[in-house]
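Here's the structure we're looking at; comments come further down.
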Amino acid sequence: MNADLITLRRAGVVFGAVPALVEIDLTLRRGDRLALVGANGSGKTTLLRRLHGLIDGPGERTLHLCERGRPPVMAMLFQRPFLLHLSARRNLTLALWLAGVPRDERRARADAALERVGLQTLAQRSARALSGGQQQRLALARAWALRPDVLFLDEPTASLDPSAKREVETLIDEFARDGVTLVMSTHNLGQAKRLASRVVHLEAGRLVVDLPVDRFFRDTLPPAAAQFLKGELPWTT
Ligand SMILES: Nc1ncnc2c1ncn2[C@@H]1O[C@H](COP(=O)(O)OP(=O)(O)OP(=O)(O)O)[C@@H](O)[C@H]1O
C-alpha cells in the first residue's frame with residue numbers, strides 16, 4: 001500500500017487577484033499528524049481546503065490510491081460544527097446516507113460512532129441543544145463514522161472551554177492512534193506539541209518550514225517563523 005496519500009506540487013489558490021497560497025510542495029503520508037501553523041491570514045484554512053480538494057487553483061494535486069485501488073476517504077471538521085435541527089443520531093445517519101452507506105448499516109454505524117465519542121445517551125437529543133463541546137464531539141463522531149483515511153481539522157478546539165478542549169483533543173489523539181491521518185490548522189502551539197508529529201509553518205501563503213514536531217520546537221527556524229514562535233508561546237496552554 002502506498003504510504004503517500006496526497007501530494008501538492010507548486011499548488012496555489014488565488015482569490016480574485018489575491019494569491020492566498022503560493023507554490024506549495026507538500027506530501028501527506030499515511031500516519032502523519034500534520035499541524036499547520038502561522039499568523040492570521042497566512043493560508044492555513046486555504047491549505048486545508050486545497051489538500052481536501054474543496055478548492056482548486058494553479059499547480060497539481062494528486063490523490064494516491066489506497067488498497068483495492070480506491071482513493072483516500074476524507075472528512076473535515078470545522079471550528080464550529082454545522083449541525084442540523086435534528087437528533088444527534090439523525091445528523092449521523094443523514095451524513096452516512098449522503099456518503100452512500102446502505103440503509104441497513106446506517107443506524108449501527110451511527111450508534112457505534114456516538115458511543116465512540118461518549119454521546120450514546122444523547123442520541124435522541126436535538127444536536128443544536130447540545131453544549132459546544134458536545135457538538136464538536138458529535139461532529140467528530142460524524143467524521144469518524146465515515147471511516148476516513150484523512151481527517152482535516154480547522155481549528156477544532158478554538159471555541160471550546162479548557163475541559164471540552166481536552167476531551168476533543170483526547171478523541172483526536174485516539175483517532176490518530178486508530179490509524180487516521182490528521183491535518184489540522186491551529187493557533188495553539190501547545191496543541192501542535194501535544195497532537196502533531198509534523199509541523200508546517202505558513203507565511204503569507206508560502207510554506208516556509210516543514211519539520212518533525214520535535215525539530216520545529218528545537219531547531220533554529222527562519223526569522224519570521226522564529227518570531228512567530230516567540231510571540232505565540234506564552235499563549236499555548
Ligand atoms: N473566500 C475567500 N475570498 C477571498 N479571500 C479569501 C477567502 N478565503 C480566504 N481568503 C484570503 O486568503 C488569505 C488566507 O486566508 P486563510 O483563511 O486561509 O488564512 P488562515 O491562516 O486560516 O487565517 P486565520 O488564522 O485567521 O484563520 C487571507 O488573506 C484571506 O483574507
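The values are calculated or read from the model by the stated rules, or taken from the named source; none is laboratory data. None of these values were measured; they are calculated from a predicted model. For neighbour counting, all protein chains shown are included, and Cβ atoms are generated from backbone atoms with ideal geometry for every residue, glycine included.
From the set of residues in the range 118-158 that are among the β-branched types (V, I, T) and either at pLDDT below 95 or assigned to a strand (DSSP E or B) (or both), which is nearest to the ligand (Cβ to nearest atom)? Steps first, please.
Going through the range 118-158, the residues among the β-branched types (V, I, T) turn out to be 121, 150, 157.
Applying the additional criterion that residues be either at pLDDT below 95 or assigned to a strand (DSSP E or B) (or both) yields 150, 157.
Values: V150: 18, T157: 14 Å.
Filtering first and then ranking leaves T157.
Looking at H187, is it part of a strand (DSSP E or B), out of contact with any Leu (no Cβ under 6 Å at 6 or more places or on another chain) and within 16 Å of the ligand (Cβ to nearest atom)? Please lay out each step first, then the result.
On the way: part of a strand (DSSP E or B): no; out of contact with any Leu (no Cβ under 6 Å at 6 or more places or on another chain): yes; within 16 Å of the ligand (Cβ to nearest atom): yes.
For H187, the condition - part of a strand (DSSP E or B), out of contact with any Leu (no Cβ under 6 Å at 6 or more places or on another chain) and within 16 Å of the ligand (Cβ to nearest atom) - is not met.
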Members of the range 50-76 found to be crowded, with 19+ Cβ neighbours inside 10 Å and free of Cβ contacts under 8 Å to residues at least 24 places away in the same chain, listed by number: none
Single residue of I55, I6 found to be under 17 Å from the mean Cα position of the chain (by Cα), more than 8 Å from the ligand (Cβ to nearest atom) and not in a strand (DSSP E or B): I55
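In the range 197-210, which residues are in a loop (DSSP other than H, G, I, E, B) and touching a Ser or Thr at 6+ places or on another chain (Cβ under 8 Å)?
Taking the range 197-210 first, the residues in a loop (DSSP other than H, G, I, E, B) are 197, 204-205.
Hits for the range 197-210 are A204, G205.
If you scan the range 58-82, which residues turn out to be hydrophobic (A, V, I, L, M, F, W, C), touching a strand residue (DSSP E or B) at 6+ places or on another chain (Cβ under 9 Å) and not in a strand (DSSP E or B)?
Residues of the range 58-82 that are hydrophobic (A, V, I, L, M, F, W, C), as a first pass: 63, 65-66, 73-78, 82.
With touching a strand residue (DSSP E or B) at 6+ places or on another chain (Cβ under 9 Å) added as a condition, the list becomes 63, 66, 73-78.
The answer is C66, V73, F78.
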Contacts under 7 angstrom Cβ, first residue in the range 1-30 being over 17 Å from R49 (Cβ atoms) and touching a residue at least 40 places away in the same chain (Cβ under 8 Å), partner crowded, with 20+ Cβ neighbours inside 10 Å and polar (S, T, N, Q), 6 or more apart: R30/T181
Residue within the range 168-183 that is surrounded by fewer than 18 Cβ atoms within 10 Å (Cβ to Cβ), basic (K, R) and under 18 Å from the mean Cα position of the chain (by Cα) present: yes
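I'd like to know if the range 17-38 contains one or more residues that are of a type in the set (G, A, S), in contact with a Gly (Cβ under 6 Å, 6 or more places away or on another chain), near the ligand (Cβ under 9 Å from one of its atoms) and more than 23 Å from F217 (Cα to Cα).
First pass over the range 17-38, keeping only residues of a type in the set (G, A, S): 17, 20, 31, 35, 38.
Still in the list and also in contact with a Gly (Cβ under 6 Å, 6 or more places away or on another chain): 20.
Narrowing further to those that are near the ligand (Cβ under 9 Å from one of its atoms): 20.
Of the ones still in play, those that are also more than 23 Å from F217 (Cα to Cα) are 20.
Checked the range 17-38: at least one residue is of a type in the set (G, A, S), in contact with a Gly (Cβ under 6 Å, 6 or more places away or on another chain), near the ligand (Cβ under 9 Å from one of its atoms) and more than 23 Å from F217 (Cα to Cα).
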Checklist (1) more than 20 Å from G179 (Cβ to Cβ); (2) in contact (Cβ under 8 Å) with a residue 40 or more places away in the chain; (3) surrounded by fewer than 19 Cβ atoms within 10 Å (Cβ to Cβ) applied to A95, failing item: (3)
